[in-house]
Amino acid sequence: MSEGVVARATHEVRERLMMGGPAALSAGELLALVVGSGGQSSLNLARALLEEHGTLADLGRADVLELTRRPGIGRAHATQLVAAFELGRRSVAMGGVRWTVRAPRDVADRLTGQLGSLEREELHVVLLNTKNAVLRESLVYRGNVSSAVVRIAELFRDAVRIHAAGLIVVHNHPSGDPEPSSDDLALTAEAIAAGRLLDVPVLDHVVIAASGYVSLRDRGVAFDRPSR
């Protein structure tokens, strides 16, 4: 494709963005602007990424290693995509009306769509203020979740920085069965102990799976403070 054709395609996409805002562009066109100039080659690459991953949500969960397996996506483009999706997640978490956690179901209802169908484990923390309004929800670890591999200090990094009044640990079981494992119980015990030292109470550990969820607080695990 000639440079002139690419330049015209790029100009068209950018002009439509400037005139009509980002809502005027398709998901593929927005992705094309992230991974390249927005020209035809970038559009083709963006469409191939969407076809491979199925949905924007699935693409947003891909890491740099997964993305670089696609021909045409180098480390630079992969890191740009990962950064763009992370910015989107953080902007949602920081802006708008905060959601409030009144019961474990509130956490499960909010995060099952994000975590329930994943093929690998992710551990998230939900950080709360004194009124149980959510200050932030963030990914802490991706992989096999256990106290042997998860650095407990990482659970509290953001909580300490933003002076959270408490946190809820959330992770998924790709098997589809939310029943807590011995590793889940050990991780919970270590997190509760660390929370006491840091004065950031761990209020619950919610395990999410495609078939449902389990609250370890509801199972009788001794957390620091009763749910409100």
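The values are calculated or read from the model by the stated rules, or taken from the named source; none is laboratory data. Since the structure is predicted, the reported quantities are computational estimates derived from the model, not experimental observations. Cβ placement follows ideal geometry from the backbone for every residue including glycine, while neighbour counts extend to all protein chains displayed.
How about region 34-44: which of its residues are at pLDDT 80 or above and surrounded by fewer than 20 Cβ atoms within 10 Å (Cβ to Cβ)? Walk me through how you get there before you give the answer.
First, the residues of region 34-44 that are at pLDDT 80 or above: 34, 42-44.
Selection gives Val34, Asn44.
Output the qualifying pairs, or none if there are none: Cβ atoms under 6 angstrom, residues six or more apart or on different chains, first residue in region 165-191 and of a type in the set (Asp, Glu), second residue in a helix (DSSP H, G or I) and surrounded by fewer than 23 Cβ atoms within 10 Å (Cβ to Cβ).
Glu190/Ile152
Yes or no: region 132-139 includes at least one residue that is over 18 Å from Arg217 (Cβ atoms) and out of contact with any Lys or Arg (no Cβ under 9 Å at 6 or more places or on another chain).
no
Are there any pairs, at least 6 apart or on different chains, whose C-beta atoms fall under 9 Å, with the first in region 20-36 and closer than 13 Å to Leu56 by Cα and the second surrounded by fewer than 14 Cβ atoms within 10 Å (Cβ to Cβ) and modelled with pLDDT under 80, and if so, which?
Sorted first by the residue in region 20-36, then by its partner, the pairs are Leu30/Pro22.
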